[in-house]
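What follows is one structure encoded as structure tokens, with my remarks underneath.
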Amino acid sequence: MYQLLATSPMGLESIVAKEVQELGYETTVENGRVLFEGDEKAIVKANLWLRTADRVKIVVGRFNATTFDELFEKTKSLPWENVIGAQGMFPVQGKSVKSKLFSVSDCQAIVKKAIVERLKHVYSIKGWIDESGSKYQVEVSLLKDEALLTIDTSGSGLHKRGYRLAQGEAPMKETLAAALVRLTNWSGETPFIDPFCGSGTLAIEAALIAQNIAPGFNRSFASEEWDIIPEGLYDQLRQEADEVALYDKEIDIVASDIDPRMVEIAKANAVEVGLGDIIKFTVQDVHDLVVPEGPVSIIGNPPYGERIGERSEVEAMYKHLGEILNKNNQVSLYMLTSYKEFEPLVGTKATKKRKLFNGYIECTYYQYWGKRSK
């Protein structure tokens, strides 16, 4: 068994934890991370299925260190050979926050040296370690003098699903988009509208959720090459994921944007992931949005009005969203924006609000819940 760690964007730890629990594992939540225990199968499942986590790492050790000697000795005493093979390549990256050992380059060098000493001893290697095999990305993270040593199992961040051929100027990460959909509890039973679709990420992630398609289905992971992962396990679990996908489930998703170029990009991205026939893309101003009768979810990441001259346009958009809410009390509206005056413009307080970051921009996710049909 390994202690595993799913890294989480700030404010989304509970969503990541819920996803890990749905895979069958008990969780402990900390700032920016969700810890759980599991075997090799857990590593594969987490990489294939976690929609909202950034990465999945193996925790090799955790201890206090205030001197370089202490960091070296405690690192060397850890069982690195349980993961890293004799020819393994193990670059070390690091970070240090509020710790006595603040020189990141020194910490990286010391951890590297300690692992080399450990593996040379365990594998009876004389001279240099080969490092011509699979890659095991090691990280030493120091926070308030506590060192956390991990190995990344994912490779590229989990937001890289493999379908985004192109994007706009400020694309939303796929993991954040999936989290926004998960926070609505929308699962495909009612219409879904994104009136500010950009490169289509929200609509695509919503479709993947509704059809129960594993987000990591179309990409590879660093740990696929590792000796500890049984041969064929990734392929087997991809096959199982394929069998539980609901490809034939009828879903009603409409995604629109005022920019024709972005709509073409969104269409291409949807085709790449196999959802070209599922999502209806249109070029449309939000003021022309037609909302069907009955329960419907409108989810979006509208312009924030940060450029000069945009403010009045953005305020008019937000007021229009309020008018839509007034016309149909079964509309659920979910908008992520950094615009502080959103609620007064919509004309009513949100049912629920959540602070989130879109990149480095602090935003609020405003949630207006529609009336449920009997």
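The values are calculated or read from the model by the stated rules, or taken from the named source; none is laboratory data. As the structure is a prediction and not an experimental result, all values here were calculated from the model. Don't worry about glycine lacking a Cβ; one is built from the backbone with ideal geometry, like all the others, and counts go over all protein chains shown. Each accessible area value is taken on the protein alone, full model and side chains, heavy atoms only, with ligands, DNA and RNA left out. Shrake-Rupley method; radii C 1.70, N 1.55, O 1.52, S 1.80 Å.
Report yes if Ser256 is without any contact (Cβ under 8 Å) to a residue 24 or more places away in the chain and hydroxyl-bearing (Ser, Thr, Tyr), otherwise no. Taking the combined requirement at face value, the residue does not satisfy it. Only one of the numbered conditions (1) within 18 Å of Leu180 (Cβ to Cβ); (2) open to solvent by less than 30 Å² (accessible area, probe 1.4 Å); (3) out of contact with any strand residue (DSSP E or B) (no Cβ under 9 Å at 6 or more places or on another chain) is not met by Tyr318, and that is (3). Residues considered: Leu143, Leu101, Leu158. Of these, the only one that is open to solvent by less than 20 Å² (accessible area, probe 1.4 Å) and either among the aromatic types (Phe, Trp, Tyr) or under 20 Å from Thr75 (Cα atoms) (or both) is Leu101. Within the stretch 25-63, if we keep just the residues that are out of contact with any helix residue (DSSP H, G or I) (no Cβ under 8 Å at 6 or more places or on another chain) and surrounded by fewer than 22 Cβ atoms within 10 Å (Cβ to Cβ), the residue that is nearest to Tyr136 (Cα to Cα) turns out to be Val59. Taking the stretch 3-24 as the range and being in a loop (DSSP other than H, G, I, E, B) and crowded, with 20+ Cβ neighbours inside 10 Å as the test, the residues that pass are Ser8, Pro9, Leu12.
Within the stretch 251-273, is there a residue that is hydroxyl-bearing (Ser, Thr, Tyr) and open to solvent by 20 Å² or more (accessible area, probe 1.4 Å)? No, the stretch 251-273 contains no residue that is hydroxyl-bearing (Ser, Thr, Tyr) and open to solvent by 20 Å² or more (accessible area, probe 1.4 Å). Among the helices (runs of 4 or more DSSP H) confined to the stretch 195-312, the ones with at least 1 residues that are aliphatic (A, V, I, L, M) and either at pLDDT below 95 or over 26 Å from Leu50 (Cβ atoms) (or both) are located at 260-272.
Within the stretch 331-362, being open to solvent by less than 60 Å² (accessible area, probe 1.4 Å), out of contact with any strand residue (DSSP E or B) (no Cβ under 8 Å at 6 or more places or on another chain) and part of a helix (DSSP H, G or I) holds for one residue alone: Leu345. Within the stretch 296-315, the set of residues being farther than 20 Å from Cys363 by Cα and open to solvent by 50 Å² or more (accessible area, probe 1.4 Å) comprises Gly309 only. Taking the criterion of being under 25 Å from Asp288 (Cβ atoms), in contact (Cβ under 8 Å) with a residue 12 or more places away in the chain and open to solvent by 40 Å² or more (accessible area, probe 1.4 Å), the residues of the stretch 168-202 that qualify are Ala170, Pro171, Thr190.
Comparison of Glu26, Glu37, Glu70 shows that the only residue that is under 28 Å from Ile125 (Cα atoms) and modelled with pLDDT of 95 or more is Glu70.
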